[in-house]
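Reviewing the structure listed below.
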Amino acid sequence: MLNSKEVSTNKISTFVLSLIYLVLALSAVAIFVALGAYYQGEPIETTLSMLAIGFLTLALAGYILFQSRRRIANLKIETLPILTTIECRKCNIKTTREFQRGDYVFKELEPCPKCQNEKQLITAIYREVKEKEKNPVI
């Protein structure tokens, strides 16, 4: 039987990533504009508001970037195996095996190993579902 595989994805959407980098660049521009306005003698309120906007957007974009990378690193997609149930119509023996390409329900297979006369039949194809463990409350 196939063991369940864990596939981790480590990609952030290029659109989201480009938006984050754009906001980072604009926040750096806002900080430099605020510093330039301060050295040119602009009112202190304008300089402080531009600095606040620049640092706030810089912090926010950095936080979103690091959080999205952390979440994607923790994201794991578990693929569960697909199983095929095979039955003999005469002796009602049931066996389960891994799904193979070309399997379909009601497909006749090789003769039954027990009674040797009757062909076996695929009766079910399904994905094995594991229930999550529940932690008891102490």
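All of the numbers you see were taken from the coordinates with simple rules; none came from a lab. Keep in mind it's a predicted model, so treat the numbers as computed, not measured.
Brief remarks follow.
- Under the Karplus curve 6.51 cos²θ - 1.76 cosθ + 1.60, θ = phi - 60°, whole-Hz ³J(HN,Hα) for the stretch 23-39, x wherever Gly or Pro sits: 5, 4, 5, 5, 5, 5, 4, 4, 5, 5, 5, 5, 5, x, 5, 5, 6
- Evaluating 6.51 cos²θ - 1.76 cosθ + 1.60 at θ = phi - 60° for every residue in the stretch 120-125, the Karplus couplings come out as 7, 10, 6, 10, 7, 10 Hz, glycine and proline recorded as x.
- 5 angstrom amide H check on LYS107, placed H, neighbours 5+ away: ILE122
- If you take the alpha carbon atoms of the stretch 18-128 and fit the smallest convex hull around them, that volume is 119 Å³ per residue.
- Enclosed volume per residue, in Å³, of the convex hull spanned by Cα atoms of the stretch 80-127: 63
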